[in-house]
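Trainee: Starting off with a structure, shown below.
The values are calculated or read from the model by the stated rules, or taken from the named source; none is laboratory data. These numbers were taken from a predicted model, which means no experiment stands behind them. Here Cβ is always computed from backbone atoms with ideal geometry, including for glycine, and neighbour counts include all displayed protein chains.
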Amino acid sequence: MQERIRICFIGCGAFCKHFVPLFQKHPDVESVSVCDLIPERATAYAEKFQVPIISSFEEAIRRRDINSIGIFTQRHLHGPLVIAALKAGKHVYSAVPCASRIDEIAEIEALVRRTRLTYSMGETGYYRSATIFCRRQMAAGHMGDFVYGEAQYNHDQRHFDYTRNGPEWRRVAGIPPMFYPTHSTSMILGALPGVFARKVAAFGYRERYRTDIFGVNGVNLWDNPFSNTAMLLQLSNGGVARISENRCVAITGPNTYISQFYGSEGCYEFAVAHHYFANWDPDNPKKLRMREVTKELLPPSVYEIINAPDGPQKISDGAGFGESSPIQPIGRIPESFRYDRNGHNGTHHFLVDDFCRAVTTGRLSPTNIWASARFNIPGLVAHQSALKDGELMDVPDLGDPPADWEVLDPERDTPVGED
């Protein structure tokens, strides 16, 4: 009999609320509970979702009637909590990033390899429409060899509500941008299975205005002066990728995207709302065929407005944030929440289903610890490079998953109960 999931969510903040109802509706989930250091937050969740409260993280990982932990705490706390949960024998679903230290990521990898417990990082970039498009085009051979790609995560500081974290919120808000790189790196590397970063060089912008958040001498927990950082990666397949993480810029939606993904035989580009694909004509080697693929990659409601005078403003304001695009394989999502609106352009559904399927089948989630390490570690090294004025540095790689541990196919088209 397959194991059913009994999960406790740690951290009842603004983000976790998108995931509790999805887990509640998944056929593989038996029970959901919540936990937060601030009792009022846990109580609000308990009343909203009709779930029990667990008094502490320590109690949650100690209880035998809980077999899974969902980590939704502040970003820099993920690593130690994941490690403690795995050591207690729990499966782990974690919001991004995996951790803020390379040694923590390495310890998580070692624990997962030894215990065969499920670890899945909820990286939305892996299921963004552009990532899926590029992944499919690469797999089909339509792009040839990967040459160069650019991805970025632009999220201006004024759109983060850190004040709910108390009077010391600025000391946490100043986390180095490259400690949170996975939205961007996952979009490039997520389209290139098995590829990883070998070397990195990075430069940071030393913030001039929000010096109450970004600066040295104790302004934040990391003495981080950078509000924006860009890194250049040399990849294992010979390609090059530029990744930018920006926290003080005048741009909003879409805030996570691939702007360029170039191959020797085909290229993808994106700007604001329009997606394009170009490749060489096999019948005329000197002719380049260019076509717009926007309709495949945008939610229908957004596609309808992109050419309207106020279309760009609506997109900037977040139009379509809770909707899926035609290219996303929603047929594999359990019918119980297949059409529910959710965040990050309908990606949450896939991440929840991956974790649940991994636990119940004993397979690996596509965003397993080995993939997550490759998304996360380059940014941690990049921050050190930026502090040293762009010094070229090697990026550690934790390797591939064990050969006998099958990874779930992200393109699978069979919902729960039919496989």
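Trainee: Restricting attention to segment 189-198, does a residue exist that is under 16 Å from the mean Cα position of the chain (by Cα) and either more than 18 Å from residue 376 (Cβ to Cβ) or outside any loop (DSSP other than H, G, I, E, B) (or both)?
Mentor: The answer is yes, given that some residue of segment 189-198 is under 16 Å from the mean Cα position of the chain (by Cα) and either more than 18 Å from residue 376 (Cβ to Cβ) or outside any loop (DSSP other than H, G, I, E, B) (or both).
Trainee: Could you please find all residues in segment 72-109 being among the hydroxyl-bearing types (Ser, Thr, Tyr) and either in contact (Cβ under 8 Å) with a residue 60 or more places away in the chain or part of a loop (DSSP other than H, G, I, E, B) (or both)? Break it down into steps so the answer makes sense when it comes.
Mentor: At the first step, the residues of segment 72-109 found to be among the hydroxyl-bearing types (Ser, Thr, Tyr) are 73, 93-94, 100.
Of everything in segment 72-109, those that are among the hydroxyl-bearing types (Ser, Thr, Tyr) and either in contact (Cβ under 8 Å) with a residue 60 or more places away in the chain or part of a loop (DSSP other than H, G, I, E, B) (or both) turn out to be 73, 93, 100.
Trainee: I'd like the full set of residues that are free of Cβ contacts under 8 Å to residues at least 40 places away in the same chain and touching a strand residue (DSSP E or B) at 6+ places or on another chain (Cβ under 7 Å), limited to segment 370-419.
Mentor: 384, 401
Trainee: Filtering segment 196-218 down to residues that are buried (at least 20 other Cβ atoms within 10 Å of the Cβ) and of a type in the set (Val, Ile, Thr), which residue is modelled with the highest pLDDT?
Mentor: Once the filter is applied, the top-ranked residue is 200.
Trainee: Something else now. Given the residues 238, 266, which is the only one that is surrounded by fewer than 15 Cβ atoms within 10 Å (Cβ to Cβ), small (Gly, Ala, Ser) and closer than 16 Å to residue 148 by Cβ? Can you show your working first?
Mentor: On the way: 266 fails: surrounded by fewer than 15 Cβ atoms within 10 Å (Cβ to Cβ).
Testing whether each residue is surrounded by fewer than 15 Cβ atoms within 10 Å (Cβ to Cβ), small (Gly, Ala, Ser) and closer than 16 Å to residue 148 by Cβ leaves just 238.
Trainee: Out of the residues in segment 133-164 meeting the condition of being at pLDDT 95 or above and acidic (Asp, Glu), tell me which one is nearest to residue 264 (Cα to Cα).
Mentor: So the residue we want is 145.
Trainee: Taking segment 110-138 on its own, how many of its residues are without any contact (Cβ under 8 Å) to a residue 40 or more places away in the chain and touching a strand residue (DSSP E or B) at 6+ places or on another chain (Cβ under 9 Å)?
Mentor: 2
Trainee: Next question, about the same structure. Which one of these does residue 64 not meet: (1) surrounded by 15 or more Cβ atoms within 10 Å (Cβ to Cβ); (2) part of a loop (DSSP other than H, G, I, E, B)?
Mentor: (1)
Trainee: Within segment 378-390, identify whether any single residue is assigned to a helix (DSSP H, G or I) and within 15 Å of the chain's Cα centre (by Cα), and answer yes or no.
Mentor: yes
Trainee: Give the residues of segment 213-253 that are touching a helix residue (DSSP H, G or I) at 6+ places or on another chain (Cβ under 7 Å) and part of a loop (DSSP other than H, G, I, E, B), sorted by residue number.
Mentor: Hits for segment 213-253 are 213, 220, 221, 247, 248, 252, 253.
Trainee: Which one is surrounded by the fewest Cβ atoms within 10 Å (Cβ to Cβ) among residues in segment 79-134 that are under 14 Å from the mean Cα position of the chain (by Cα) and of a type in the set (A, V, I, L, M)?
Mentor: 96
Trainee: May I pose another question? Does segment 71-85 hold any residues that are under 14 Å from residue 117 (Cβ atoms) and out of contact with any Leu (no Cβ under 8 Å at 6 or more places or on another chain), and which are they? Steps first, answer last, please.
Mentor: As a first pass, look at segment 71-85 and keep what is under 14 Å from residue 117 (Cβ atoms): 71, 82-85.
Hits for segment 71-85 are 82, 84, 85.
Trainee: Considering each of 287, 295 in turn, give the residue that is part of a helix (DSSP H, G or I) and either of a type outside the set (Phe, Trp, Tyr) or in contact with a Pro (Cβ under 7 Å, 6 or more places away or on another chain) (or both). Full working, then the answer.
Mentor: Numbers: 287 fails: part of a helix (DSSP H, G or I).
Unique residue meeting the criteria: 295.
Trainee: Test residue 299 against the stated conditions and say whether it is crowded, with 19+ Cβ neighbours inside 10 Å and in contact (Cβ under 8 Å) with a residue 60 or more places away in the chain.
Mentor: Details: crowded, with 19+ Cβ neighbours inside 10 Å: yes; in contact (Cβ under 8 Å) with a residue 60 or more places away in the chain: no.
Against the criterion (crowded, with 19+ Cβ neighbours inside 10 Å and in contact (Cβ under 8 Å) with a residue 60 or more places away in the chain), residue 299 does not qualify.
Trainee: Would you check if residue 400 is among the acidic types (Asp, Glu), closer than 21 Å to residue 184 by Cα, not in a loop (DSSP other than H, G, I, E, B) and not assigned by TED's automatic domain parsing to the domain that holds residue 193? Spell out how you get there, then give the answer.
Mentor: Working: among the acidic types (Asp, Glu): yes; closer than 21 Å to residue 184 by Cα: yes; not in a loop (DSSP other than H, G, I, E, B): no; not assigned by TED's automatic domain parsing to the domain that holds residue 193: yes.
Criteria not met by residue 400.
Trainee: So which residues in segment 312-368 are over 20 Å from the mean Cα position of the chain (by Cα), in contact (Cβ under 8 Å) with a residue 24 or more places away in the chain and in a helix (DSSP H, G or I), if there are any at all?
Mentor: Scanning segment 312-368 gives 312, 315, 316, 331, 360, 361.
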